[in-house]
Each structure stands twice: as structure tokens, then as C-alpha cells.
Amino acid sequence: MENEAKLTAGAMTTFGIAVAALVVLPYIQVSDVQPPDGLKPYTSAETRGRDSYIANGCVYCHTQQPRDRSFAPDAERGWGRVTTPGDYYYDKPHLLGSMRTGPDLMNIGVRQPSMDWHLGHLYQPRAYVPDSIMPSYPYLFEIKDEAEDGEIIVRLPPKFAPEGKIVVARPEAVDLVKYLQSLDRSYPILPPDPQGVEGTDKAAE
Ligand code: HEC
């Protein structure tokens with residue numbers, strides 16, 4: 001009986017340490033994170049776009065977390081500076097991702113701001129990147145004889161446009177692109193204040 005009590009106590013202690021290290025400490029670390037000055041909340045169109053980013057599984061192939069130089073040459077790839085917790089303030093759930101079958105998209109709004117390009121690329125990635133293995137998303141578009149008022153016509157390279165017809169973007173496609181355009185974490189982030197070190201406060205000098 002004594003051994004069972006020791007075993008249970010040992011298991012509980014190990015479990016307690018693990019919860020403290022993996023749940024409690026990280027929670028305390030990020031609980032007072034504030035949004036950086038340059039970060040705007042998502043608009044309702046961008047939020048709908050974000051939902052279809054999740055629904056269409058974009059997160060399975062694209063990360064949203066440019067890494068530090070010591071982990072990967074993301075800065076040289078043009079994917080932007082290392083992100084900080086505040087950059088994800090409005091992201092619930094966050095879409096960090098773990099697979100990089102395609103490029104990181106945290107700053108795609110800066111590298112590729114064109115609505116036309118994004119719509120064309122979602123309709124047919126191979127129209128822009130011949131060897132792309134990204135799936136096409138034809139159900140976000142409609143093939144028609146002519147566009148109605150307010151509809152956005154997708155401008156495709158001639159070889160990829162359906163003959164005698166036009167491709168128009170459904171509202172889901174437009175919202176998704178608005179979300180991609182909003183992915184911009186290029187504003188500057190100041191390094192955190194060296195905490196508790198006296199004499200480092202420039203304003204007080
Ligand atoms: C099977 C994996 C896969 C999935 C799923 C996927 N992509 Fe991609 N994506 C790629 C690859 C590979 C590339 C690089 C080639 C290219 O540009 O087509 C890419 C490129 C991109 C680019 C251009 C990035 C750049 O830096 O030029 C954007 C934007 C993009 N994807 C958005 C999306 C969106 C939005 C979705 C969901 C609707 C999605 N992707 C789903 C694999 C994927």
C-alpha cells in the first residue's frame with residue numbers, strides 16, 4: 001500500500017510541474033500582451049476572409065510566423081521580421097501553422113498587395129507559378145457570359161481564361177483576398193524594456 005501512495009504522489013508531482021511549466025508560466029507570460037500601435041483590428045470582411053482561410057485549409061500549407069535568423073533565413077526570403085506575441089493580438093484562434101509547403105504568409109499583404117494577382121492565383125495558381133503544387137479553388141469563382149453590376153472580373157493570363165466566358169469572383173474570394181491583404185506585420189516593434197534596470201529610462205534623464 002505504501003508503494004502505491006508513493007507512486008501516486010510522484011505522478012501528481014510530475015504532472016503538477018508539467019502543468020506549471022507548460023500551461024501556467026506561458027499563460028502569465030502572455031496575459032498582459034497589448035496590441036502594437038501599428039496593428040489594426042480585422043474588419044468584418046477580413047474576419048469572414050479569415051474564416052474561409054481556416055475552412056479551406058490554407059493553414060495546413062502556410063505558416064504565419066517568420067522566424068529568427070538562427071532558425072531560418074526568413075528575413076532573406078522577404079517574409080518579414082520575427083513576429084512578437086502582440087502581432088497576434090486579434091488572432092483568435094491564431095493561425096501560426098506548422099507546415100511550410102508554401103511560403104509564410106504573415107506579410108503577404110506587403111509583398112503582394114494586388115487584388116487581381118491574388119484572385120487569379122486562387123483561381124489557378126499555375127497561371128502565375130507554372131510548377132505550383134497549390135490547389136486551385138474554382139468554387140470561389142463563377143464562370144459567366146457577362147458580369148453583373150459590382151461583380152469583380154478576374155483578369156487571367158489568356159491561356160488560362162475560359163474561352164468566350166469570363167470568371168467573376170464570388171464574395172468569399174474577395175473577402176479572402178482582403179484578409180490576405182491585411183496580413184502586414186511590417187510596423188516597427190521596439191525591443192522590450194530591460195525590466196527593473198535603473199537608469200535605462202531615457203525620458204527620465
Ligand atoms: C497543398 C498546399 C497548399 C495549400 C492547401 C494552399 N497553398 Fe498557397 N501555396 C502553396 C505553395 C506550394 C505555394 C508556392 C507556389 C505558388 O505561389 O503557387 C503557395 C503560394 C501561395 C501564395 C503566394 C505566396 C508568395 O509569397 O508569393 C499565397 C498568397 C497563397 N499560397 C495563399 C493560399 C491560400 C489563401 C490558401 C487557401 C485558400 C492556400 N494558399 C492553400 C501551397 C499551398
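Just so it is clear, none of the values below were taken in a lab; they were calculated from the coordinates. Quick caveat: nothing in here was measured; it's all calculated off a predicted structure. With ideal geometry, Cβ positions are generated from the backbone for all residues, glycine too; neighbour counts draw on all protein chains shown.
Counting only aspartates and glutamates at least 8 places from LYS159 when in the same chain, those with an alpha carbon closer than 20 Å to its own are ASP116, ASP131, GLU142, ASP145, GLU146. In this structure the amide hydrogen of LEU183, modeled in the peptide plane, comes within under 5 Å of the amide hydrogens of GLY109, none closer than 5 places in sequence on its chain.
Using Cα positions and a limit of under 12 Å, work out the aspartates and glutamates in reach of LYS92, with same-chain residues fewer than 8 apart set aside. Within the straight-line cut-off, LYS92 pairs with ASP51. By the count of other C-beta atoms within 10 Å, a proxy for reagent exposure, LEU176, LEU39 are ordered fewest to most as LEU39, LEU176.
Rounded to the nearest 10 degrees, what's the angle between the helix 171-182 long axis and the longest principal axis of the chain, both from Cα atoms, 0 to 90? Between the helix axis and the principal axis of the chain, the angle is about 50 degrees.
Near the amide H of GLN65, within less than 5 Å, lie the amide hydrogens of LEU105, MET106, all on another chain or at least 5 residues away, with H placed in the peptide plane. Specify the angular offset, from 0 to 90 degrees and rounded to the nearest 10, of the alpha carbon long axis of helix 2-19 from the longest principal axis of the alpha carbons in the chain. The two axes meet at around 50 degrees.
Distant-in-sequence amide contacts of PHE141, defined by a placed amide H-H separation under 5 Å and a gap of 5 or more residues or a different chain, comprise ARG170. In straight-distance terms, cross-link reach from LYS165 covers every one of the lysines whose alpha-carbon lies under 22 Å from its own, apart from those fewer than eight places away in the same chain; here that gives LYS144. Average projection, convex hull of the Cα set of the chain: 19.3 square nanometres.
In order along region 183-190, the phi-based Karplus estimate (6.51 cos²θ - 1.76 cosθ + 1.60, θ = phi - 60°) of 3J(HN,Hα) comes to 6, 8, 10, 9, 5, x, 10, 7 Hz; Gly and Pro are listed as x. Sequence-ordered 3J(HN,Hα) estimates for region 28-38 from the Karplus curve with 6.51, -1.76 and 1.60 and θ = phi - 60° stand at 5, 4, 9, 6, 10, 5, 10, x, x, 4, x Hz, glycine and proline given as x. Distance from the alpha carbon centroid of region 124-153 to that of region 54-88 works out to 26 angstrom.
Kindly list the residues of region 53-83 that lie in the label zone of HIS94, defined by a backbone N under 14 Å from the point 7 Å along the Cα-to-C-beta vector. Label zone hits: 63-68, 82-83.
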